[in-house]
Amino acid sequence: MEQTVYLQLEDGTCLTGKHFGAPLKEDVIAEVVFTTAMTGYTETLTDPSYYGQMVVQTFPLIGNYGVNPKDFESKGIHMSAYITREWCPCPSNFRCQMDLDAFLKQQNIPGIYDLDTRYLTKLIRERGVMNGRLTSLRPDSAAVEDLKGWAITDAVAHVTCREPYQIPSPLPRHHVVLWDFGAKQNIIRKLHALNCDLTIVPASTTAARILSYSPDGIMLSNGPGNPKDNPAIISELSHLCKSGIPIFGICLGHQLLALANGADTEKLKYGHRGANQPVKDLLTGRDYITSQNHGYAVKNDSLPDNAILRFINLNDGTCEGVSYQDFPGFSVQFHPEACGGPHDSEFLFREFVALMERRA
């Protein structure tokens, strides 16, 4: 018999669904967010930026092409729970290695389905991102007080690599240090395809240690959580900005680079998560459709004199990219590695390579 489970939100709303995936041995508390991506659920599941969150898929049917480890963006799942309207128990694809339920069981991640994800998404859009509790027992209304005080902590420390490692290129042109705050594998693939030798270092690495690798460029990766929760990284990054080495930041890396230069960040009402976010390049006037996954943004009016707002979100006008004038650096809030998502903006990796070549 299918187990009934409950999703309680901090505003008191309680939704009912059915359990799949790993056994729900104890209550799961996390931030509840939604993504509008229609495909790429394997990449979503393995994106480290979802650490500490329950993810709602707005597309109603998930799992129809199964799961293939070659599509993973990290070694496993980092989100706390997975929420779908319906999951497909009999996937059909020649690359399929396992079904969605088996993958969640393997990763010890519980799921909930047969829940009104349309209603839940509209609720989050109207009231903002909320904490939630996934439980097998009908929750007491008084329990919402526990949810209001819950927050994601030490997010980057949970998803970064533990030791430095290297990925050599067969035709090396440049050496890039990738500062790993929860890096997606496709960032590594894109740099490797451009003949970059890579040294990947943990989030706790100092600026002096990064400079000791004599990099041609420094990549700041995506990652989870509130960027302001990383004061040590921000401090070290401010030193790197004085080195003259080209710097390229993506997502959390974009926010940290802005903070290191004196800008400010803010939490968005419900964030941008999906593969269909429109942005405008203010430099060229061209629009792009981008893949995004973030709940915080750099405040446009907080940018320092050395920073130029380059990209904006066409839905709400928020900052999507910054170019810096006093050092060779730029950053974007969206994901030019786009896995999953459109490849419209992958040219930014070539812009990063061009910065390194001009400095050589």
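Those helices (runs of 4 or more DSSP H) of the stretch 73-153 in which at least 2 residues are modelled with pLDDT of 95 or more and hydroxyl-bearing (Ser, Thr, Tyr), considering only elements entirely within it, cover 117-127. Restricting attention to the stretch 284-312 and to residues that are closer than 21 Å to Leu252 by Cβ and β-branched (Val, Ile, Thr), the residue that is most open to solvent (accessible area, probe 1.4 Å) turns out to be Ile308.
Filtering Gly271, Gly321 for residues that are more than 21 Å from Val33 (Cα to Cα), surrounded by 14 or more Cβ atoms within 10 Å (Cβ to Cβ) and under 18 Å from the mean Cα position of the chain (by Cα) leaves a single hit, Gly321.
Taking residues in the stretch 226-246 that are closer than 19 Å to Gly182 by Cβ and among the aliphatic types (A, V, I, L, M), and partners anywhere that are in a loop (DSSP other than H, G, I, E, B) and open to solvent by 20 Å² or more (accessible area, probe 1.4 Å), not one pair has Cβ atoms closer than 6 Å while being at least 6 places apart or on different chains. Considering every residue within the stretch 30-40, establish whether at least one is touching a residue at least 12 places away in the same chain (Cβ under 8 Å), in a strand (DSSP E or B) and touching a Leu at 6+ places or on another chain (Cβ under 6 Å). Taking every residue of the stretch 30-40 in turn, none turns out to be touching a residue at least 12 places away in the same chain (Cβ under 8 Å), in a strand (DSSP E or B) and touching a Leu at 6+ places or on another chain (Cβ under 6 Å). Applying the criterion of being free of Cβ contacts under 8 Å to residues at least 60 places away in the same chain and under 24 Å from the mean Cα position of the chain (by Cα) to the residues of the stretch 131-153, the residue that is nearest to Ser221 (Cα to Cα) is Ala151. Give the residues of the stretch 80-96 that are more than 13 Å from Gln57 (Cα to Cα) and surrounded by 16 or more Cβ atoms within 10 Å (Cβ to Cβ), sorted by residue number. The answer is Ser80, Cys88, Pro91. Only one residue in Asp344, Asp281 is open to solvent by 10 Å² or more (accessible area, probe 1.4 Å) and either touching a strand residue (DSSP E or B) at 6+ places or on another chain (Cβ under 9 Å) or modelled with pLDDT under 95 (or both). Which one? Matching residue, one of Asp344, Asp281: Asp344. Among the candidates Gly262, Gly295, Gly274, single out the residue that is over 27 Å from Met130 (Cβ atoms) and not basic (Lys, Arg). Only one candidate qualifies: Gly262.
Candidates in the stretch 56-67 are the residues that are outside any loop (DSSP other than H, G, I, E, B) and free of Cβ contacts under 8 Å to residues at least 60 places away in the same chain; of these, the one that is most open to solvent (accessible area, probe 1.4 Å) is Leu61. Within the stretch 154-187, track down each residue that is out of contact with any Ser or Thr (no Cβ under 8 Å at 6 or more places or on another chain) and either open to solvent by 90 Å² or more (accessible area, probe 1.4 Å) or part of a loop (DSSP other than H, G, I, E, B) (or both). Those that are out of contact with any Ser or Thr (no Cβ under 8 Å at 6 or more places or on another chain) and either open to solvent by 90 Å² or more (accessible area, probe 1.4 Å) or part of a loop (DSSP other than H, G, I, E, B) (or both): Asp154, His158, Cys161, Arg162, Glu163, Pro168, Ser169, Pro170, Leu171, Pro172, Arg173.
A single member of Pro48, Pro69 is within 22 Å of Thr160 (Cα to Cα) and in contact with an Asp or Glu (Cβ under 8 Å, 6 or more places away or on another chain), and it is Pro48.
For Lys70, the conditions (1) in a helix (DSSP H, G or I); (2) crowded, with 19+ Cβ neighbours inside 10 Å are fulfilled apart from (2). Restricting Ala232, Ala258, Ala207 to residues that are more than 14 Å from Gln333 (Cα to Cα) and within 23 Å of the chain's Cα centre (by Cα) narrows the list to Ala232.
The values are calculated or read from the model by the stated rules, or taken from the named source; none is laboratory data. These numbers were taken from a predicted model, which means no experiment stands behind them. Glycine gets a Cβ as well: all are built from the backbone with ideal geometry, and neighbour counts include every protein chain shown. Please note that ligands, DNA and RNA were not included when accessible areas were found on the heavy atoms of the full protein model with its side chains. Shrake-Rupley method; radii C 1.70, N 1.55, O 1.52, S 1.80 Å.
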